[in-house]
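To start, the structure under review is shown below, and the notes come after it.
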Amino acid sequence: MEELDGQYAEIEGRGAVTFIRSFPVGASHAWAAVSTAEGLAGWFPSSAAVDLEGGTVTFSGDPNAAAGAEGSPERIVDWDPPRRWAFEWGGDLMEFLVEGSEAEAELTLRNWLADNSAAARNAAGWHVCLGELAKKFGGALPAGPHATPGPEGPADWGPLYEGYVKAGLPSGAPIPGRDSA
């Protein structure tokens, strides 16, 4: 199994799952990958339509989206290109921070949780997604986080989830496809 690099912390009672990863691409390339519909395609769990003028981002195509969440616009909370943006997403707050040079980028993905019991579930999910982003940065076509796990597909979410639970991240939130909501 891959190294579990998602970190969990609580600040004033609100949990956050954070990943910090370095990639051998320029910071401008990393920014485009996390802030545009084209960049998010293939590695992010949903298709995204970013409307900066309207201050919203609309998600679609996620087979695990909560009922009624598909196609609803979410509010962009912060937009500070080419470094940081944050948006609401189904009660959570997502943040992307890009730092680095034109030779290497450091990406921080932080998921502020509406429900702390979602920490292990979401950490495993973002772990899979970031693996697909690494493929994209390496020039390969990512299979996408919802594809069948395997050599050509994404990492297997199940063992990652179990690993994050064993590492002590809060768990118990419903798991799409396994639990009824």
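The values are calculated or read from the model by the stated rules, or taken from the named source; none is laboratory data. All values reported here derive from a predicted model rather than from experimental measurement. Methodologically, a virtual Cβ is constructed for each residue, glycine included, from the backbone with ideal geometry; neighbour enumeration extends over all protein chains shown.
Residues in the stretch 9-45 that are within 20 Å of L93 (Cα to Cα), of a type outside the set (A, V, I, L, M) and not in a strand (DSSP E or B): E12, G13, W31, S35, T36, G39, W43, F44, P45.
Would you tally the residues in the stretch 148-176 being on the phi > 0 side of the Ramachandran plot and modelled with pLDDT under 95? Number satisfying all stated conditions: 1. Here G153, G139, G168, G158 are screened, and the one residue that is closer than 20 Å to G61 by Cα and either touching a helix residue (DSSP H, G or I) at 6+ places or on another chain (Cβ under 7 Å) or surrounded by fewer than 18 Cβ atoms within 10 Å (Cβ to Cβ) (or both) is G153. Restricting attention to the stretch 50-59, and to residues there that are surrounded by fewer than 16 Cβ atoms within 10 Å (Cβ to Cβ) and not aliphatic (A, V, I, L, M), which single residue is nearest to K135 (Cα to Cα)? Going through the qualifying residues, I end up with D51.
Annotation note: Cβ proximity below 7 Å between a residue of the stretch 86-99 that is under 22 Å from V25 (Cβ atoms) and a residue that is surrounded by fewer than 18 Cβ atoms within 10 Å (Cβ to Cβ) and of a type in the set (A, V, I, L, M) (sequence gap 6+ or interchain) occurs for A86/V77. Among the residues of the stretch 114-157, which ones are free of Cβ contacts under 8 Å to residues at least 12 places away in the same chain and either among the polar types (S, T, N, Q) or not in a loop (DSSP other than H, G, I, E, B) (or both)? Across the stretch 114-157, the qualifying residue is only T148.
For P145, the conditions (1) surrounded by fewer than 15 Cβ atoms within 10 Å (Cβ to Cβ); (2) at pLDDT below 95; (3) under 17 Å from V34 (Cβ atoms) all hold with the exception of (1). If only residues of the stretch 23-49 that are among the β-branched types (V, I, T) and within 16 Å of the chain's Cα centre (by Cα) are counted, the one that is surrounded by the fewest Cβ atoms within 10 Å (Cβ to Cβ) is T36.
Which members of the stretch 9-22 meet the condition of being of a type outside the set (A, V, I, L, M) and buried (at least 20 other Cβ atoms within 10 Å of the Cβ)? G15 - this is the single residue of the stretch 9-22 that is of a type outside the set (A, V, I, L, M) and buried (at least 20 other Cβ atoms within 10 Å of the Cβ).
Does at least one position in the stretch 75-88 carry a residue that is in a strand (DSSP E or B), surrounded by fewer than 18 Cβ atoms within 10 Å (Cβ to Cβ) and at pLDDT below 95? No, the stretch 75-88 has no match at all.
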